[in-house]
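Q: Got a structure for you, questions after.
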Amino acid sequence: MSHPIGDVAERAAAGFTAQYGGRAAGRWAAPGRVNLIGEHTDYNDGFVLPFALPLRTVAAADRQDGERWTVWSELSDETITFGPDDVAEPGRVTGWGAYVAGVVWALREAGHLVPGARLAIASDVPLGSGLSSSAALESAVLAALLDLGGLELPAERQPRLAQRAENVYVGAPTGIMDQSAVIRCRGGHALFLDCRDESVEHIPFDLDAAGLAVLVIDSRAPHRHADGEYAARRRSCEAGAKALGVAALRDVTVDQLDAALAGLDDEETRRRVRHVVTEDQRVLDTVALLRAGRVRDIGPLLTASHVSMRDDFEITVPEIDTAVEAALAAGALGARMTGGGFGGCVLALVDTDRADAVAAAVTTAYAEQGFTTPNTLTVLPSPGATRLD
Ligand code: GLA
């Protein structure tokens, strides 16, 4: 996955100096994420198991007088400035700046006195690949503003605030997974998150010790109607829960599934419900295997998750399905789409010494179909958002 030359933290510091002169007061980093398993379960009060990527977004920042926020990003090499009127209500700043203004808005709305600030943003998290570049940006900015202003907001409450920035200010109806992963993950672990009460358990995910790697394949499929389809899936799930008389689909267990499905008269809703209920169980089963140190054995659960997303939730696209099939045919232990769907990335669990061969097999399959060459990268579970200096 290509990104600008040089270390991302150095690029943020150099960008700060070039834009504003002098040195930043500090640098704050927030990673992208992949979700190991548990897709479209977060907004159903269910379970997810993401881990943070080594790819990060870094904000170099200091305070400035007054209620004024100035932000430069290397991605567009553009500087935006906004003030109190722009964060008085959602939607006034648009484009990438909305994620920054949204955080200022959400902090103010929660009663915080947000300091004026100048920020320079650099990022290795690719945009539009389903690796949570938006949550990484929000979380790096949030961490910077909290520290610069001496504001108190415990880490476990930060994801909701960043999510509000995205849901209300930006207007994307996403769940709590991405911001939770970006802020709360730990190196070497996956984050087992109960999206109902936001309790977490850090599950050891030691790929090296198992001789395994996670290969991330950026499908490079254009995000076709992703926003509208995401919202439509949410509505189906809510309709399913309502018809079944439960607060959320999390409240249906796999043991109750057949009876629940029999009580639904719409075939599409039945498929959506089946995905969510079985996916929650796959997360629990994956966590149980990881707790038992059986990393290799999670492969079939990953693949079953993909099949469920493809056939029941209907959120995959030909590029994604091609990548999964080619990876499995080349010896991956399991493979699945990760993230919201309609494009984005596939992850494959592979023996470390097979990673290159699996990546090559996917590239060949893509060429045969005439798809844009995919980007591939092996990743290890990395730390969540942090202050660098
Ligand atoms: C996107 C959303 C998340 C989650 C996933 C699907 O990444 O931002 O909240 O719903 O899709 O699991």
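Every read-out reported here was derived from the displayed coordinates using simple, explicitly stated rules and does not represent laboratory data. This is a predicted model, so every value here is computed, not measured. Reconstructed Cβ throughout: ideal geometry from the backbone, glycine too, with neighbour counts over all protein chains shown.
Q: Which cross-chain or sequence-distant (5 or more) residues have an amide H under 5 Å from the amide H of VAL48, H modelled 1.01 Å from N in plane?
A: LEU193, CYS195
Q: Could you order the peptides 80-90, 108-118 from most to least packed, using the average number of other C-beta atoms within 10 Å per residue? Numbers along the way, then the final one.
A: On the way: 80-90: 15.5, 108-118: 17.1.
The packing order, highest mean first, is 108-118, 80-90.
Q: Can you give the angle from 0 to 90° between the axis of helix 133-149 and the longest principal axis of the chain, with both taken from C-alpha atoms, to the nearest 10?
A: Tilt relative to the chain: about 40 degrees.
Q: Starting from one equal scatterer on each C-alpha and no solvent at all, send me the Debye-based log10 I(q)/I(0) for the range 288-335 at q = 0.18 Å⁻¹, two decimals.
A: Log10 I(q)/I(0), no solvent term: -0.58.
Q: Something else now. Against the longest principal axis of the chain, how steep is helix 97-109, in degrees 0 to 90 to the nearest 10, with axes from Cα atoms?
A: 80 degrees
Q: Rank these for me by crowding, ASP297, ASP265, going from fewest to most other beta carbons within 10 Å. Provide the component values of the computation, followed by the final result.
A: Details: ASP297 16, ASP265 8.
Least crowded to most crowded, the residues run ASP265, ASP297.
Q: Can I ask one more? Of all beta bridges DSSP finds with both residues in the chain, what is the antiparallel percent, to the nearest 5? Intermediate values should be presented prior to the final figure.
A: Working: 48 of 53 bridges.
Approximately 90 percent, going by the DSSP bridge assignments.
Q: Distance between the C-alpha centers of the range 1-50 and the range 83-120? Whole Å please.
A: Using only Cα atoms to place each centre, the spacing works out to 18 Å.
Q: Can you give me the Rg/Rh ratio for the chain, using Cα atoms for both radii and the Kirkwood formula for Rh?
A: Values: Rg = 20.7 Å, Rh = 21.3 Å.
That ratio is 0.97, to two decimals.
Q: Cα axis of helix 318-329 to longest principal axis of the chain: angle in degrees, 0 to 90, nearest 10?
A: The helix 318-329 is inclined about 60 degrees to the chain.
Q: Projecting each Cα onto the charge dipole of the range 6-62 (Lys/Arg +1, Asp/Glu -1 at the beta carbon, about the Cα centre), which of ALA12, LEU55, ALA30 comes out farthest on the positive side?
A: Ranked along the dipole, the leading option is ALA12.
Q: Can you list the HN-Hα couplings for the range 233-248, worked out from phi with the Karplus curve (6.51, -1.76, 1.60; θ = phi - 60°), rounded to whole Hz and with x for Gly and Pro?
A: 4, 4, 4, 4, 5, 5, 5, x, 4, 5, 5, 8, x, 10, 5, 7
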